[in-house]
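Novice: Please find one structure pasted underneath; my questions will follow.
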């Protein structure tokens, strides 16, 4: 068997083996045999069995070694962990590789379990940075790869034997023509920022033949050349290439204009804006969960006190019943007291379970295990002072710092760039094409001989003839193509214009929603502070009422029913006070959230990571080049900036641009923003304000002589204050004051203690 037959059998065997192996499922764990008989049920079981992936990831120890959750039946005495709010936020930032969302645990809409790919994490900006997919989510590195120098090389050998239909070939009728060939091609290609394409190529072709009509039995023919293509109309210039990427060799209006470095950089900024928004929401959820856990402890404490009061009342009632009772005491009173006791006991159990639930939700947000042997107890007290922020400043901060508005402005800037690039594609395609090539030919590829023995030109060395540069060729000209009508290109421009109009309309609607959210937060602040005042006064009045009824019950002048009702009202008043106080603190948190300063308020700052080390070296080389370069006044060597340089006060610093009503400034240009009107003035678009009512209203407020009221001034005796005018507010004691101009807490030395004795 010769070599050719052996190769034929080898390839046939490989083909049969590949077909047999291809029929075997990779997911099955049982070998599939073709010899012998097997029942059909065997194959049905294998095909319909649910398979599991062979993925083995080690579960973190804080999950596997977590203790069982706390319940009412658990009476273990764990260590108390007094946790401040700032430490809780720090824990959440440190343990949140995956950013969780409050309110989704235990529901069908838990995105972490149902849509893990859509769950935000700290890796999202890096994923966007390194994304290589074509389209709107392309990363910067992928966009820059279009300008990388590409090296290509290939080598191909061949042999051919063919019988010739000639009676004279080789002196033998029907002789066989034998040819051996070899092809070597190599080249370097580079695309420039102006859209130009430069290429260098070096090629060799070898031909060997037994034909008698050739000068040499074998020869090498090759070349070394360079070519350059430069677009002049469609796709020309640095601006188009930075936005849409290098234009292809064939024009098409539907290729898209979102593949450039600028659009990719904006995509990264959009990803960073989403990441900042997710971090802001996480901080907001952590702070709100912290106050909810604080509230759960307060409500539990309130119900324990109510339970103890009910227990004391029942014991006294039972003692009176065993003593024979009195005229104002009946057996039904003892039963009512017992009913009240079990009612408060159930409330104690429910509020204690609420502590465990609130702690579990808080632990999830800050990335702690279910049970680590510690009981978390919030140690910070909620703010009880009146917070009166300035509306104009809050609205200005909201319009400047809200990350949603910044993201939408990035979308608008991206669409503006894409429209600019799409407008370039409405022009015909006109390219300059040029090439220059040096050719070589020889009997040998390399040889030191100058003569070949056949010709007088000395074609013994192919590289020798190539380096002699006696054979060259060049081309120069232009290529022109134009789609008649430009329907696709114009449709792309119109589509981007409509998308840009929609984006601007959405930005206006978003700014309106920002003002509405701030307005609702202002209303919540006032409402929750007012209700906290009223509920605190109600709590004090209910406590006073309970003390008086206890004295009357001891004296036997009233029934037990009035005392039990007073105790129930006292527990309800205290509960509502703490609920309104926590709602007031949540409203303060929401104010910082909706005006975009929540992260700054909690001393959290986000910044991008460092560059690639090679980027610093390239930046230094470019700086040296600019230092020793010559200014070209008529050459646009620096692209127009599209990123604001920073902030001037509370107003964004914008780059200079023609056609905009920007006022000049030393450090840049400040856009003319319509100022927010003061409360006593009205803008031109507002309806006329009706005349103020001259009549004033009077309201009464009872102030009791207690020194633990954070809302009412302490007096030596009970008084009745008459407040004239609806806009006048009662004076407050020296508690935590909040500056309306600086929007920061200034804590006074004399802070009233709100804890119950």
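The values are calculated or read from the model by the stated rules, or taken from the named source; none is laboratory data. Here the structure is a predicted model, which means the values were calculated and not measured. Glycine also receives a Cβ, built like all others from the backbone with ideal geometry; neighbour counts cover every protein chain displayed.
Novice: Report, by residue number, each residue of the range 601-611 that is surrounded by 10 or more Cβ atoms within 10 Å (Cβ to Cβ) and free of Cβ contacts under 8 Å to residues at least 60 places away in the same chain. Walk me through it before giving the result.
Specialist: So in the range 601-611, the residues surrounded by 10 or more Cβ atoms within 10 Å (Cβ to Cβ) come out as 601-602, 604, 606, 608, 611.
Selection gives 601, 611.
Novice: Would you check which residues across the range 78-129 are over 20 Å from the mean Cα position of the chain (by Cα), without any contact (Cβ under 8 Å) to a residue 60 or more places away in the chain and either surrounded by 12 or more Cβ atoms within 10 Å (Cβ to Cβ) or within 12 Å of residue 279 (Cα to Cα) (or both) and list them?
Specialist: Listed by number, the list holds a single entry, 87.
Novice: Output yes when any residue across the range 492-503 is part of a strand (DSSP E or B) and surrounded by fewer than 16 Cβ atoms within 10 Å (Cβ to Cβ), and no when none is. Quick ask: steps written out before the conclusion?
Specialist: To start, the set of residues in the range 492-503 that are part of a strand (DSSP E or B) comprises none.
The answer is no, given that none of the residues of the range 492-503 is part of a strand (DSSP E or B) and surrounded by fewer than 16 Cβ atoms within 10 Å (Cβ to Cβ).
Novice: Go through the range 365-394 and give me each residue that's in a helix (DSSP H, G or I) and surrounded by 18 or more Cβ atoms within 10 Å (Cβ to Cβ). Quick ask: steps written out before the conclusion?
Specialist: Filtering the range 365-394 for residues in a helix (DSSP H, G or I) gives 365-366, 391-394.
365, 366, 394 - these are the residues of the range 365-394 that are in a helix (DSSP H, G or I) and surrounded by 18 or more Cβ atoms within 10 Å (Cβ to Cβ).
Novice: Just give me the residues in the range 424-462 being modelled with pLDDT of 85 or more and either over 30 Å from residue 257 (Cα atoms) or assigned to a loop (DSSP other than H, G, I, E, B) (or both), in sequence order.
Specialist: Listed by number, the residues that qualify are 425, 426, 427, 428, 436, 437, 438, 439, 440, 441.
Yes or no, residue by residue, for (1) assigned by TED's automatic domain parsing to the domain that holds residue 467; (2) surrounded by 14 or more Cβ atoms within 10 Å (Cβ to Cβ); (3) under 60 Å from the mean Cα position of the chain (by Cα):
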residue	(1), (2), (3)
147	yes, yes, yes
150	yes, no, yes
154	yes, no, yes
179	yes, yes, no
202	yes, yes, yes
207	yes, yes, no
214	yes, no, no
219	yes, yes, no
